[in-house]
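Q: Can you keep this structure in mind? I'll have questions shortly.
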Amino acid sequence: MFYKHVQRALLTISFSLVLSLCGAYAAPVEKVLDEGWSFRMAPGGAYAEKYPKALNWLPATVPGVVQTDLMAQGIIADPYVGLNEADAQWVGLSDWQYKKTLVLDKATLAKSHIDLVFDGLDTFAEVKINGEPVLSADNMFRNWRVAVGGLLRAGENTIEVHFASPIEKMRPFMEQQSYVMLGTYDSAFGDEPLQRNSSAYVRKAGYQYGWDWGPRLVAIGIWKAVKLEAYDNLRLDDFYVAQTHLDDEVAGLEAQFNVWSSGVEKAQAIIEMTAPNGKVTRKKLKAQLLPGINTVRLPLHIKNPQRWYPVGYGKPNLYQVKATVLSKGKKIAQLKKNVGLRTTRIRRTEDQWGRSFEILVNDTPIFMKGANAIPLDLFPSRVGKQQQERVLESAVKANMNMIRFWGGGVYEDRHIYDVADKLGLMIWQDFMFGGAITPPDKAFRENTRQEAIYQVKRLRQHPSIVIWGGNNEVQTNWQNWGSSKRYNEELPLKEYDRLLTGMIRLFDQVLRDAVYTYSPGVPYWAGSPTTDYDSDADMDSDGDRHYWTVWGGKAPVEEYMNVTPRFMSEYGLQAFPVMQTVRAWAEEKDMQIDNKVMRAHQKYDKGRGNQRLLLYITNNYREPKSFEDFVYLTQLMQAEGIELASLHLRASRPQSMGALYWQLNDVWPGASWSSIDYYGRWKALNFRAKRFFAPISASFLRKQGQSQAHIISDATQQKSFSWQVRVLDFSGKVQHTVKGEASVPPLSAHLVAAWSDEQLLQGADPQQSQALFEVFDKSGERVSQSFIYFDATKNLAWQAPQLSYQLLESEQGFTLQLQAEKAAKGVWIDFAAVAADIEDNAFDMHGGERLTLHIETQANKQELLQAMTVRSYFGVSGGRP
């Protein structure tokens, strides 16, 4: 049952396709069907009387979903604002119809083959052409191709797509089940019984049914592109370039053209590849085509290949490729694409801590620094390229090298992977299973198998994808969650075994086979967390770990320092977004922690998450005096807690080789674990990540009166540094200094020194002292620094920091000169509604320190000064009581 495969390296590509036929072949026709659609609520539904306007045929956006079109028509209010989410639930409980008139000429109808292609239908859809059923779809993650030539006519044709409510569609089935698949979130609106949720049975984005960071908005619609393809003799079905060998001297490649042919034909394939340095390689091959699908293989060798490297380890080199297929001297197909050369593998070896979990790219073991990404919106079809680019660029600016596309969302569109390829940002790509136990039946597995084949083939061209994961938390749900443990207690042994066997077949065989067959150079990992079914899930000593004792289990943030898994793929703390984002969903009268609007935008623990935030605030900080103080303190708490965890993990290298915090981004404006909010605004955590994920980082961690200073280096060569630790009182007076030199090995966390509190303080008052660890390169430039304190923040004798600043115009924006007369904790610079990007934020300062920060903005100086505020923790604490 358990098996491993010897992996080959893979050349991955991202491409745009241009297909043309000429000469003896009539040109194919491709019509993009994104205009002229209408939609309505299906007549006779439960909500027809209440929403009569929705029964009329209304303009539809394709790609799109019903909810966004209803907003455009004013039938529902923006569900992201106030309490409007509740008022939009009827949409997901109703059936909907789309229609379009398609006008065709005789030339198009003369083609031998005409296919209607849907890249995505969400989810239960029946398609008709001129009243005749042609397609029944039940998986939003698959594309659907259906031959329709015999049903079309010259002139006007009608395409209809009827969508069933996924909740109502599944209701009769759910009512018949003696038990259900557990691990999904209950509806807050009573449309499904508690712990009897249908989402586990449906191949649809799980997060749209509600999660502990997002609303319940069950989307319906034609969410991906639609097109009509008409052709005669030949059609290019797929193109892929496999990498059979890669070393520093040569890359062995195989270009694979999958061409559908209606008969026996001769063809010629030509590849032209331009290297990043401009060198061009060309190769030709003649081939015989037979009726059906033909795979034309063209071998290619590249001397001295220029590899694709992850950010921080080299350039993300991409080759430009032009591929051409000829038949009888005529051009049949031509493709242009980008290509990345790299190897990726997982290394697991026995050691003193158990069994390692390392991801190697180009044979370099890389400490993975980053976060888990969820979809950028509840309605993915409205996400634009600029929004995708900003989030990924923000990750790279924060010195992340990996993001994990989490399994409860969607497979993202190609552009976001293109951006990752160009940035050198590595992707851990989950299959779309968010944590629920999976149905064990064969039909469900087969539907998923087809989904997996389609998605792996669609995405295998991207060098950024360095690992495929089978699911999110399914194995640990089965083994460790209390609700699912009831299966073992309540189900007959035969049924229990059927469930377990079904899961193992799906995640250890079906999905693994899809990756190893269609993307053989990329490793597959059976889930997260897991040991790849070698043993139990969610262990410190083997595999990857999701650690939620902090936050979920109410343990203090200091507990992060007591766990060192081999790879921490989830850990997190919540925070509110900045006040400007809060004001996007709430009015001033709502600015209270337990206001019903605030609870509606706090999805953790059914709206009780703000009390959990208060718990973590008061553990180390003072009680907030206002709602704005509460928001500020949530961000300070989140940033410092995740910084503690992340530096501990990085300082534990090679015992730990990954730190992916939960989570990078948001699907809507609300309280969550994200470091970037829905509008792309950075929380304090993203600024801190820029420092604690820096390639050279100063780690200064204190535990039970003992402190350790590490220099963490992602460099692949040995580096020499000087360092110093200064103990200062809050006025900035130096009480004690220790200096040293360090030669830091490549790819390491180097312990430079350790001290007790007594050794550091040497008599200084711990209540009004801070210790600063600074690291300098050979030129004397400071490359990193880190503060520690000798008690909880709330217990220290803070003084008014007397922050002052001056804003100066510069060539590319503004320069902010900032000064603190006394020690300042958690300095935060806010620009309210003005769009501005500042070089650094959410930092501590010592007494007498002066900083210069660059600001990029389109605003003028007066606008910036009017909007800007500067605060610190002292404004909350009011000093020591």
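Q: Does the stretch 602-626 hold any residues that are surrounded by 14 or more Cβ atoms within 10 Å (Cβ to Cβ), farther than 14 Å from PRO556 by Cβ and charged (D, E, K, R), and which are they?
A: LYS603, ARG622
Q: For the stretch 627-649, check the following and say yes or no: at least one residue is out of contact with any Phe, Trp or Tyr (no Cβ under 8 Å at 6 or more places or on another chain) and part of a loop (DSSP other than H, G, I, E, B).
A: no
Q: Could you count how many residues in the stretch 721-736 are open to solvent by 60 Å² or more (accessible area, probe 1.4 Å) and either assigned to a strand (DSSP E or B) or farther than 17 Å from GLN762 by Cβ (or both)?
A: 2
Q: So which residues in the stretch 797-808 are touching a strand residue (DSSP E or B) at 6+ places or on another chain (Cβ under 6 Å) and either open to solvent by 40 Å² or more (accessible area, probe 1.4 Å) or part of a loop (DSSP other than H, G, I, E, B) (or both), if there are any at all?
A: Hits for the stretch 797-808 are PRO801, LEU803, SER804, TYR805, GLN806, LEU808.
Q: Next up: Please go through the stretch 601-649 and give me each residue that is in contact with a Gly (Cβ under 7 Å, 6 or more places away or on another chain) and either without any contact (Cβ under 8 Å) to a residue 60 or more places away in the chain or basic (Lys, Arg) (or both), ordered by number.
A: Selection gives LYS603 alone.
Q: For SER743, work out the one condition from (1) farther than 21 Å from PHE843 by Cβ; (2) under 40 Å from the mean Cα position of the chain (by Cα); (3) assigned to a loop (DSSP other than H, G, I, E, B) it doesn't fulfil.
A: Evaluating SER743 over (1) farther than 21 Å from PHE843 by Cβ; (2) under 40 Å from the mean Cα position of the chain (by Cα); (3) assigned to a loop (DSSP other than H, G, I, E, B) leaves (3) as the failure.
Q: Confirm whether ASP532 is part of a loop (DSSP other than H, G, I, E, B), more than 19 Å from ASP430 (Cβ to Cβ) and modelled with pLDDT of 95 or more.
A: no
Q: Oh, and also: Counting only residues that are open to solvent by 10 Å² or more (accessible area, probe 1.4 Å) and either of a type in the set (S, T, N, Q) or touching a His at 6+ places or on another chain (Cβ under 7 Å) (or both), how many does the stretch 397-412 have?
A: 1
Q: Then there is this: I'm trying to understand the selection: among the residues of the stretch 461-514, which are farther than 16 Å from TRP525 by Cβ and within 23 Å of the chain's Cα centre (by Cα)?
A: Narrowing the stretch 461-514 to residues farther than 16 Å from TRP525 by Cβ: 461-464, 477-502, 505.
GLN461, HIS462, PRO463, SER464, ASN477 - these are the residues of the stretch 461-514 that are farther than 16 Å from TRP525 by Cβ and within 23 Å of the chain's Cα centre (by Cα).
Q: Test ALA771 against the criterion of being under 29 Å from SER756 (Cα atoms) and open to solvent by less than 40 Å² (accessible area, probe 1.4 Å), and give yes or no.
A: yes
Q: Can you give me the number of residues within the stretch 783-841 that are more than 30 Å from PRO556 (Cα to Cα) and of a type in the set (Asp, Glu)?
A: 5
Q: Of the numbered conditions (1) free of Cβ contacts under 8 Å to residues at least 24 places away in the same chain; (2) at positive phi; (3) not small (Gly, Ala, Ser), LYS328 satisfies every one except a single condition; which is it?
A: (1)
Q: Given (1) among the hydrophobic types (A, V, I, L, M, F, W, C); (2) in a strand (DSSP E or B); (3) open to solvent by 30 Å² or more (accessible area, probe 1.4 Å), where does ILE467 come up short, assuming only one miss?
A: ILE467 satisfies all of (1) among the hydrophobic types (A, V, I, L, M, F, W, C); (2) in a strand (DSSP E or B); (3) open to solvent by 30 Å² or more (accessible area, probe 1.4 Å) except (3).
Q: Then there's this: State which residue is surrounded by the most Cβ atoms within 10 Å (Cβ to Cβ) when the search covers only the stretch 254-286 and only residues that are among the charged types (D, E, K, R) and assigned to a strand (DSSP E or B).
A: GLU265
Q: Looking only at helices (runs of 4 or more DSSP H) that lie completely in the stretch 66-155, which have at least 3 residues being touching a residue at least 24 places away in the same chain (Cβ under 8 Å)?
A: 66-72, 89-92, 106-109
Q: Determine which member of the set TYR240, TYR185, TYR231, TYR179 is touching a His at 6+ places or on another chain (Cβ under 9 Å) and at pLDDT below 95.
A: Exactly one of TYR240, TYR185, TYR231, TYR179 is touching a His at 6+ places or on another chain (Cβ under 9 Å) and at pLDDT below 95, namely TYR231.
Q: Also, I was wondering about something else. Quick check on my filter: what residues within the stretch 112-143 are surrounded by fewer than 20 Cβ atoms within 10 Å (Cβ to Cβ), under 33 Å from the mean Cα position of the chain (by Cα) and within 16 Å of VAL32 (Cα to Cα)?
A: VAL117, ASP119, ASN143
Q: Return the residues of the stretch 522-550 that are charged (D, E, K, R) and in contact with a strand residue (DSSP E or B) (Cβ under 9 Å, 6 or more places away or on another chain); say none if nothing qualifies.
A: ASP532, ASP534, ASP538, ASP540, ASP542, ASP544, ARG545
Q: With the structure loaded, tell me whether ARG583 is under 25 Å from the mean Cα position of the chain (by Cα) and charged (D, E, K, R) or whether it fails that test.
A: So ARG583 fails the test.
Q: Let me ask you something else. Filter the stretch 328-351 for residues that are of a type in the set (D, E, K, R) and surrounded by 22 or more Cβ atoms within 10 Å (Cβ to Cβ) and give the result.
A: ARG342
Q: Here is a further query. Can you work out which of the residues in the stretch 552-563 that are in contact with a helix residue (DSSP H, G or I) (Cβ under 7 Å, 6 or more places away or on another chain) and part of a loop (DSSP other than H, G, I, E, B) is nearest to GLY641 (Cα to Cα)?
A: PRO556
Q: Could you grab me the full set of residues in the stretch 208-233 that are open to solvent by 30 Å² or more (accessible area, probe 1.4 Å) and in a strand (DSSP E or B)?
A: TRP211, LYS227
Q: In addition: Just to verify a result, which residue in the stretch 521-545, among those that are open to solvent by 10 Å² or more (accessible area, probe 1.4 Å) and under 19 Å from TYR661 (Cβ atoms), is nearest to the chain's Cα centre (by Cα)?
A: Filtering first and then ranking leaves ARG545.
Q: Can you find a residue that is hydroxyl-bearing (Ser, Thr, Tyr), open to solvent by 10 Å² or more (accessible area, probe 1.4 Å) and farther than 23 Å from GLY552 by Cα anywhere in the stretch 702-716?
A: For the stretch 702-716, residues hydroxyl-bearing (Ser, Thr, Tyr), open to solvent by 10 Å² or more (accessible area, probe 1.4 Å) and farther than 23 Å from GLY552 by Cα: present.
Q: Yes or no: LEU289 open to solvent by less than 60 Å² (accessible area, probe 1.4 Å) and over 16 Å from ASP238 (Cα atoms)?
A: Answer is no for this residue.
Q: Could you list all residues from the stretch 731-752 that are in contact with a Phe, Trp or Tyr (Cβ under 7 Å, 6 or more places away or on another chain) and in contact (Cβ under 8 Å) with a residue 24 or more places away in the chain?
A: Scanning the stretch 731-752 gives ALA742, VAL744, VAL752.
Q: Pairs under 8 Å by beta carbon, first residue closer than 17 Å to TRP406 by Cβ in the stretch 670-695, partner at pLDDT below 95, six or more apart or different chains?
A: Here the result reads none, with nothing in the stretch 670-695 linked to a residue that is at pLDDT below 95.
Q: Could you please find all residues in the stretch 68-102 being over 26 Å from MET598 (Cβ atoms), buried (at least 20 other Cβ atoms within 10 Å of the Cβ) and in contact with a Pro (Cβ under 8 Å, 6 or more places away or on another chain)?
A: ASP69
Q: With respect to LEU236, determine if the residue is open to solvent by less than 10 Å² (accessible area, probe 1.4 Å), closer than 28 Å to LYS322 by Cβ, in a strand (DSSP E or B) and not basic (Lys, Arg).
A: In short, no.
Q: Among the residues of the stretch 471-520, count how many are surrounded by fewer than 22 Cβ atoms within 10 Å (Cβ to Cβ) and assigned to a loop (DSSP other than H, G, I, E, B).
A: Number satisfying all stated conditions: 4.
The values are calculated or read from the model by the stated rules, or taken from the named source; none is laboratory data. What you see is a predicted model, and the numbers here were worked out from it, not measured in a lab. Because the Cβ atoms are built from the backbone with ideal geometry, glycine has one as well, and the counts that use them run over all protein chains shown. The protein model used for the area step is the full one, side chains on, heavy atoms only, and it has no ligands, DNA or RNA in it. Shrake-Rupley method; radii C 1.70, N 1.55, O 1.52, S 1.80 Å.
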